[in-house]
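The values are calculated or read from the model by the stated rules, or taken from the named source; none is laboratory data. Keep in mind that what you see is a predicted model, and the values were worked out from it rather than measured. With ideal geometry, Cβ positions are generated from the backbone for all residues, glycine too; neighbour counts draw on all protein chains shown. Remember, those area values only see protein heavy atoms, side chains included, never the ligands or the DNA or RNA. Shrake-Rupley method; radii C 1.70, N 1.55, O 1.52, S 1.80 Å.
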Amino acid sequence: MIVIGICAIMMIVSLSALLLPLMLGSGKDKMLGWALLCLMTIATMGLYLSRGAPYIPSAPALFERSGPNFDKRQAVNEELALLDRLAQKPDDADLMLALGSARMKNGRLPQAVTILETARQQKPTRKDISEKLGAAYYAAALVAFLVEDDTAQAGLYFDQALQTAPADAPYKDRLSEDYKKFQDEKD
Amino acid sequence: MIPELGHFAFILAITVALSQLHPALSRQGAVISLFLFALSLLALLWSFITLDFTVVAVAEHMHTLQTVMGRMIGMLSSPALLALLAVTMLSAARLKFTRVRLAGLVCAIAAGLVLFALSPFERLDPPPFDGIGYSPFAEEKA
């Protein structure tokens with residue numbers, strides 16, 4: 001609220017200093033002064049909202065409906081909403097699965113693995129959780145190997161992925177192929 | 001709070017710079033937009049000095065383990081800070097060339113490009129703990 005107040009004061013002072021001489025004039029100048037005041041206020045607010053409200057990075061801008069910033073904010077919002085719900089129901093494995101999926105989508109793979117491991121401990125028989133956890137380990141292994149060049153960590157993640165993923169997981173064949181390639185390149 | 005104010009001041013400065021197209025507002029517009037651009041530059045500088053890692057430009061170029069010299073190099077290697085400095089200088093130069101009415105428009109377009117292409121006050125959530133800029137220990141690790 002303080003920030004909004006200071007921004008409002010800044011805008012009032014700046015625009016008054018700029019337009020007051022025109023607005024206090026007569027006839028055409030007065031009209032022009034008021035018209036410019038409205039136009040500049042709308043332009044400033046529009047530009048500000050189109051760039052997002054930066055003091056709340058996770059809040060989507062009012063006019064932003066697409067683009068990388070919008071997607072990022074949406075994903076963060078989704079994750080925050082799931083965290084809120086999980087705080088109310090800390091043992092809900094479905095919420096943990098949804099949060100793990102959201103974190104995977106955001107590229108936060110180690111965090112996704114952590115929450116999916118907790119979900120699997122809660123419901124060890126659930127196949128969908130094991131499948132998602134295997135996918136998270138698989139993605140983390142690829143990132144560790146291809147991006148971070150950390151073969152030791154990638155090996156650990158590959159092992160976990162192979163152990164966790166169910167036999168009929170849709171990515172199981174690709175996982176086995178990539179693991180072979182990884183072993184070949186490592187040697 | 002400071003980066004938010006800088007962000008708003010920068011956007012306000014762009015609209016004020018556009019108003020300079022009107023001959024009656026040319027002089028005041030130039031002075032006020034210069035003041036607002038300088039305010040946003042100071043806000044970004046403040047974020048760099050206090051290592052506010054919620055600002056992307058700061059997080060990308062600074063690290064808590066850097067020496068004073070490293071921090072200065074980090075600041076100078078930030079395109080967002082340099083672009084903001086250039087826009088402020090362009091706005092200051094506008095005061096000198098009061099007869100060139102289009103100079104205000106040029107300044108506004110330059111600032112608009114900086115805002116959309118570089119987003120100097122883009123924020124990070126959650127911020128990195130130590131920054132992701134050059135760390136003096138990176139070479140040792142390598």
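Tell me the helices (runs of 4 or more DSSP H) entirely within region A:82-187 that contain at least 2 residues that are within 30 Å of residue A:71 (Cα to Cα) and within 21 Å of the chain's Cα centre (by Cα).
A:93-105, A:109-122, A:127-142
So which residues in region A:1-27 are within 8 Å of chain B (Cβ to nearest Cβ), open to solvent by 30 Å² or more (accessible area, probe 1.4 Å) and β-branched (Val, Ile, Thr)?
Answer for region A:1-27, where residues must be within 8 Å of chain B (Cβ to nearest Cβ), open to solvent by 30 Å² or more (accessible area, probe 1.4 Å) and β-branched (Val, Ile, Thr): A:2, A:6.
State whether the residues of region A:35-55 include one that is at pLDDT below 85, over 28 Å from residue B:25 (Cβ atoms), open to solvent by 40 Å² or more (accessible area, probe 1.4 Å) and under 22 Å from the mean Cα position of the chain (by Cα).
yes
Looking at residue A:180 and the list (1) open to solvent by 80 Å² or more (accessible area, probe 1.4 Å); (2) at pLDDT below 90, which single condition is not satisfied?
All conditions pass for residue A:180, except number (2).
Restricted to region B:28-78, and to residues that are hydroxyl-bearing (Ser, Thr, Tyr) and in contact with a His (Cβ under 9 Å, 6 or more places away or on another chain), which residue is nearest to residue A:22 (Cα to Cα)?
Among residues in region B:28-78 that are hydroxyl-bearing (Ser, Thr, Tyr) and in contact with a His (Cβ under 9 Å, 6 or more places away or on another chain), the one nearest to residue A:22 (Cα to Cα) is B:40.
Would you confirm whether or not region B:100-111 contains a residue that is within 11 Å of chain A (Cβ to nearest Cβ) and either over 24 Å from residue A:45 (Cβ atoms) or open to solvent by less than 50 Å² (accessible area, probe 1.4 Å) (or both)?
yes
Of B:85, B:34, which residue is closer than 15 Å to residue B:110 by Cα and away from chain A (no Cβ under 12 Å)?
When all the criteria are applied, what remains is B:85.
Of (1) within 9 Å of another protein chain (Cβ to nearest Cβ); (2) charged (D, E, K, R); (3) touching a Ser or Thr at 6+ places or on another chain (Cβ under 9 Å), residue B:4 satisfies all except one. Which?
(3)
So residue B:78 clears everything in (1) free of Cβ contacts under 8 Å to residues at least 60 places away in the same chain; (2) open to solvent by less than 40 Å² (accessible area, probe 1.4 Å); (3) in contact with a Leu (Cβ under 8 Å, 6 or more places away or on another chain) except one condition, right? Which one?
Single failed check for residue B:78: (3).
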